[in-house]
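Throughout, read-outs are computed from the coordinates displayed, never taken from laboratory work. The shown structure was predicted, so the numbers you read here are calculated from the model rather than taken from an experiment. FYI the Cβ positions are ideal-geometry reconstructions off the backbone, even for glycines, and counts take in every protein chain you see.
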């Protein structure tokens with residue numbers, strides 16, 4: 001196992017180029033210390049999971065990268081540019097979908113483009129393309145409340161894809177959908193990472209999910225919040241979606257992560 | 001009474017009360033209540049008169065102007081109060097005071113400030129309607145799902161975009177509820193204004209008919225007023241139902 005794991009190493013040393021770097025991030029809410037001096041590199045074109053027990057600050061870190069929260073100290077760079085707020089190089093997928101309930105699927109998917117001032121006909125054409133891509137063709141004029149949870153998250157995903165950002169930030173995107181839909185989502189996500197040349201940052205509390213979809217897993221531990229280790233699974237994901245869950249390496253990593261997280265779960 | 005649908009029971013009970021009115025009127029119990037048939041007859045004769053149409057115009061003008069200002073000032077104020085903690089703390093006590101205050105007592109003050117004309121009547125109407133519109137718009141904004149706001153922010157929405165494309169729509173069900181109640185209060189406001197400030201419009205008709213014991217006329221005008229208020233309120237209730245598909249799912 002040791003060859004698949006490494007402690008925190010600076011960018012470049014592991015042979016990848018960072019799309020996103022978080023450097024010495026601290027975040028305090030008054031007295032409460034949510035993050036302390038956290039540094040993490042996110043390799044370009046790969047999917048990095050932030051995994052940890054609740055309260056470890058994984059969502060906080062994601063929102064800081066998104067520019068939705070300001071860090072108390074430290075900074076985030078996306079493609080070498082310092083993050084000062086939300087930007088067109090990043091798109092966010094929300095845990096609770098965050099769809100406009102009064103707008104159709106088409107308008108929801110086109111929302112990001114609408115905010116960027118893309119003309120109606122062009123943004124609708126682009127939205128339609130991504131609606132098809134996430135498998136919702138025929139639902140363009142449906143309203144969110146007419147869709148199942150899984151379909152709603154597909155809308156959320158299509159909206160994030162439509163703006164064609166280089167970095168996709170996903171905040172526990174599959175936690176509010178049922179188990180079967182989630183498995184399908186995970187398989188689709190692997191496809192997406194392979195086909196789209198994007199960097200994915202994925203927050204989850206599911207160990208299996210993290211190991212299944214990730215190129216790199218950052219284990220975050222609480223009190224004080226820190227990156228305890230970074231795991232880079234070797235190559236079981238090239239064996240095909242059907243074989244991942246019974247690959248010995250997959251099972252070993254899941255077990256090991258659980259062993260290190262166990263003590264932090266109340 | 002068997003309930004088949006939504007409308008039937010409401011209309012049926014009106015028929016029942018109308019029948020009771022007619023019986024009491026026909027019995028000659030009191031001059032104050034003429035038979036309903038007589039009131040309706042009077043209603044159709046006065047509808048065509050100049051005095052009535054002038055009154056209707058004056059009242060409608062003051063009412064619509066008052067409601068217009070209440071909506072145009074009330075909704076943005078409420079939304080901004082819901083968004084900004086500072087503004088909320090500054091204004092909320094006043095809104096609550098005026099919402100429950102006996103506004104009729106303020107009317108003489110308005111007369112001193114704004115004179116005895118249409119201006120004071122319109123301001124009175126606005127004052128009756130605006131507070132509940134502000135409170136409801138504020139409540140609508142405060143229940144907004146935080147992640148919708150974050151979503152808009154993360155996709156680069158400007159404050160103006162967020163206001164018109166997120167906050168307004170998210171609060172719309174509450175806003176419409178507030179406008180509906182506000183309009184019902186505005187009917188009160190416009191009549192009180194027309195009775196106390198300058199005797200014009202429907203207020204003048206009420207004054208004239210009741211002073212001369214023309215109870216048939218009095219009730220006829222009251223029915224017209226009630227029907228107008230009811231129609232507007234039902235129209236707004238219809239608009240509210242139009243947005244209810246997402247009101248429960250925000």
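I need the P(r) histogram for the stretch B:130-250: all alpha carbon pairs, bin width 5 Å from 0 out to the longest distance, whole percents.
The percentages, shortest bin first, are 2, 10, 15, 16, 13, 10, 9, 8, 6, 5, 3, 2, 1, 0.
Which angle between 0 and 90 degrees, to the nearest 10, do you get for helix B:7-26 versus the longest principal axis of chain B when only C-alpha atoms count?
The angle comes out at about 30 degrees.
Can you put A:183, B:142 in order of Cβ neighbours within 10 angstrom, beginning with the fewest?
Final ranking by Cβ density, sparse to dense: B:142, A:183.
What does DSSP give for chain A in terms of the percent of beta bridges that are antiparallel, rounded to the nearest 5?
Among the beta bridges of chain A, antiparallel pairing accounts for roughly 55 percent.
At R0 = 30 Å, how high is the FRET efficiency between residue A:146 and residue B:12 if r is their beta carbon distance? Nearest 0.05 is fine.
Calculated transfer efficiency: 0.25.
When the chain is fully extended, how far beyond the present Cα-Cα distance does residue A:238 get from residue A:195, taking 0.36 nm per residue of separation?
14.1 nm
Rank by packing, highest mean first: peptides B:87-94, B:214-221, A:46-53, with packing defined as the count of other Cβ atoms within 10 Å averaged across residues.
Per-residue mean Cβ counts within 10 Å order the peptides as A:46-53, B:214-221, B:87-94.
Cut-off is 10 Å between beta-carbons; in what order do B:59, B:77 appear when sorted fewest neighbours first?
Final ranking by Cβ density, sparse to dense: B:77, B:59.
Using Cα pairs closer than 8 Å and at least 6 residues apart in sequence, work out the relative contact order for the stretch A:97-164, in percent.
Reported relative contact order: 50 percent.
Which whole number gives the average count of other chain Cβ atoms within 10 Å of the Cβ atoms across peptide A:90-98?
Average neighbour count from other chains, rounded to a whole number: 4.
Once the Cβ-Cβ distance between residue B:84 and residue B:47 is put in as r, and R0 is 35 Å, what FRET efficiency do you end up with, to the nearest 0.05?
In this case the efficiency is close to 0.10.
For B:104, A:199, A:84, A:104, what's the fewest-to-most ordering of other Cβ within 10 Å of each Cβ?
In increasing order of surrounding Cβ atoms, one gets A:84, B:104, A:104, A:199.
Please give the contour-minus-distance gain from residue B:96 to residue B:234: 0.36 nm per residue of separation, less the Cα-Cα distance, rounded to one decimal in nm.
47.0 nm
Give me the mean projected area, in nm² to one decimal, of the convex hull enclosing the Cα positions of chain A.
Averaged projected hull area, Cα only: 14.5 nm².
Report, to the nearest 10°, how far helix A:120-133 tilts away from the longest principal axis of the Cα atoms in chain A, using its own Cα long axis and a range of 0 to 90°.
With both axes taken from Cα atoms, the answer is about 60 degrees.
For a test of the definition: using alpha carbon positions, the gyration tensor, and the 1.5 limit on a/c, classify chain B as rounded, prolate or oblate.
Note, shape of chain B comes out oblate.
Quantify how strongly other chains surround peptide B:151-164 by giving the mean number of their Cβ atoms within 10 Å of each of its Cβ atoms.
Shielding by partners across B:151-164 averages 6.
Sticking with the crude label model, points 7 Å out along Cα→Cβ, report the distance from residue B:143 to residue B:223 in nm, one decimal please.
Here the answer is 3.8 nm between the modelled labels.
What relative contact order, as a whole-number percentage, does the stretch B:2-124 give when Cα pairs under 8 Å and 6 or more residues apart are counted?
It comes to 15 percent, rounded to a whole number.
What's the FRET efficiency of residue B:24 with residue B:60 using the Cβ-Cβ distance as r and R₀ = 35 Å, to the nearest 0.05?
That pair, residue B:24 with residue B:60, gives E of 0.65.
Please compute the modelled spin-label separation between residue A:206 and residue A:254, points set 7 Å along Cα→Cβ, answer in nm with one decimal.
Label-label distance for residue A:254 and residue A:206, simple model: 1.1 nm.
Using a 7 Å offset from Cα along Cα-Cβ at residue B:244, what residues in the stretch B:217-237 end up with backbone N under 18 Å from the label point?
Taking a point 7 Å out along Cα→Cβ of residue B:244, the residues of the stretch B:217-237 whose backbone N falls under 18 Å are B:231-237.
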